Structure formats: C-alpha cells, structure tokens
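For reference, the structure is listed below as structure tokens.
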Amino acid sequence: MLMPSPLSSLSARARAASGAIAVALLLAGCGGGPTPTTFDLSAPRDFGRVGGSQAALVVAEPTTVQALDSDRLIVKDSAGALSFLGSAQWADRVPRLVQTRLIQTFENGSRIAAVSRPGERMVPDVQLNTDIRSFNIYAASGQAVVEITAKLVGDRTGKIQRAKLFSARVPAGTADGAAAAHALDKALSQVLIEIVRWAGRG
C-alpha cells in the first residue's frame, strides 16, 4: 500500500475521490516492509556528436519544490495528492542526480568547450540554471512525467540569454518500483538530450 506523503494537504475525502483505485492498480508500495530498492539515473550517450558552442559552461544544481527535493519516487494522483512509492528510492536526491547526469550528457555529446559544476575552479562564460517542475508518475495516465525549465545566464552580466521548458512523457507500464524508475529515467534522458542540444547551439 502507498504511504501518503505529509506534503499532501488534501482531505481524505478528496484523495479518495481523486483516483485511489487507479493508484492501487498502477503502483504497489510497501508499508513497514523491506528496505526500498535503490535505482540510479543514466546519462545519454548515443545522440550524435556534432559541433557545438565553444563556451565554458557551469551547470548549477536544479531548484525544485520540497516534495521533489528528495531521494523518493513520487506518485501524483488526479487530485494532486502526492505519495511515495515505498518499494523504490533513488541513489541520491533528485536535483543532485539530475545535475550530475546533465553534466555527463554534455560531456558525452561533446557539445560544449568545457563544463563543470560551481566551485570547480573554472571561469565560465555562461551558467545553466534549471528548475525541476515535474519528476513523478501520474497515476491517472500511467505515465512518467519529467518537466524541466532551463535558462542560460551570462556569468559576467547576469542576463538571461535564452530560456525554455523541456518535457517528456513515457508509459510506466505496470509501474512497480523498477518499471517506474525505468520510465522516469527514459523520460529524463529525452529531456537531457534536448537541453544539451539547445544549450550547445552556440
């Protein structure tokens, strides 16, 4: 059974009416059972190695709401109630994992002259700021949804050069812990590739 997150402020009646049956059919959590299985996220590799910007880029850790700033897999029902998928967890906090895999995706695609995280003694030309809007399973549709906004900011001027919203939706199947993690990883990979191509245009 899914353990309701204390982050949800919806009443019990609203949660019950919002699709509890869909949540039960889609995901099977655990209560007081064994330690959750830990899953990681991947950095895409096979998406082409075409020339890109010669700028030095710093990738800041993404911002997000408190509910997503954790190592838990999140399920959202049709009324907006959030629950943890008790059978699974990420290897680290979602923002830190996304930052690491985004840097690695830039490196894998050779799309930028130099890329690092803040504090690594590199003088950057631009900084990539991102915000994770969605990184969860939608129970009603049975999909993994990832939405990330990205902004390229001039390091010296502080001026926003470009900004864009990136999103991907991937079917989660039966969506036990492994299926949910796989679907979210696949959706994130699509978003990371799009961000890298966009940021590396020069």
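In the range 133-147, which residue that is among the small types (Gly, Ala, Ser) and over 8 Å from the mean Cα position of the chain (by Cα) is nearest to residue 71 (Cα to Cα)?
The extreme case among them is 144.
Can you name the condition, by its number, that residue 94 falls short on among (1) modelled with pLDDT of 95 or more; (2) out of contact with any Leu (no Cβ under 8 Å at 6 or more places or on another chain)?
All conditions pass for residue 94, except number (2).
Residue 108 fails exactly one of the following numbered conditions: (1) within 14 Å of the chain's Cα centre (by Cα); (2) closer than 22 Å to residue 200 by Cβ; (3) of a type in the set (S, T, N, Q); (4) buried (at least 18 other Cβ atoms within 10 Å of the Cβ). What is the number of that condition?
Condition not satisfied by residue 108: (1).
What pairs come up if the first residue lies in the range 33-57 and is farther than 10 Å from residue 112 by Cα and assigned to a loop (DSSP other than H, G, I, E, B), the second is at pLDDT 90 or above and polar (S, T, N, Q), and their beta carbons are under 7 Å apart, counting only those six or more places apart or on different chains?
Pairs that qualify, where the first residue is farther than 10 Å from residue 112 by Cα and assigned to a loop (DSSP other than H, G, I, E, B) and the partner is at pLDDT 90 or above and polar (S, T, N, Q), are 36/89; 42/189; 43/104; 43/105; 44/105; 44/189.
Kindly check whether there is at least one residue in the range 136-145 that is closer than 23 Å to residue 57 by Cα and either open to solvent by less than 50 Å² (accessible area, probe 1.4 Å) or in contact with a His (Cβ under 6 Å, 6 or more places away or on another chain) (or both).
Within the range 136-145 (the criterion being closer than 23 Å to residue 57 by Cα and either open to solvent by less than 50 Å² (accessible area, probe 1.4 Å) or in contact with a His (Cβ under 6 Å, 6 or more places away or on another chain) (or both)), the answer is no, since none of the residues qualifies.
Contact list please: Cβ distance under 7 Å, first residue in the range 161-182 and over 14 Å from residue 141 (Cβ atoms), second residue among the acidic types (Asp, Glu) and open to solvent by 10 Å² or more (accessible area, probe 1.4 Å), pairs at least six apart or on different chains.
Qualifying pairs under 7 Å: 165/147; 166/194.
Going residue by residue through the range 104-126, is there one that turns out to be closer than 18 Å to residue 180 by Cβ and at pLDDT below 90?
no
Of all residues in the range 63-105, which are among the polar types (S, T, N, Q) and surrounded by 20 or more Cβ atoms within 10 Å (Cβ to Cβ)?
Correct list: 64, 83, 87, 99, 105.
In the list 116, 110, 141, which residue meets the criterion of being closer than 23 Å to residue 91 by Cα and among the polar types (S, T, N, Q)?
116
Is it true that residue 174 is in contact with a helix residue (DSSP H, G or I) (Cβ under 9 Å, 6 or more places away or on another chain), of a type in the set (Val, Ile, Thr) and not in a loop (DSSP other than H, G, I, E, B)?
Criteria not met by residue 174.
The values are calculated or read from the model by the stated rules, or taken from the named source; none is laboratory data. As the structure is a computational prediction, the values presented were derived from the model and not from experiment. FYI the Cβ positions are ideal-geometry reconstructions off the backbone, even for glycines, and counts take in every protein chain you see. For accessibility, only protein heavy atoms count, side chains too; no ligands or nucleic acids. Shrake-Rupley method; radii C 1.70, N 1.55, O 1.52, S 1.80 Å.
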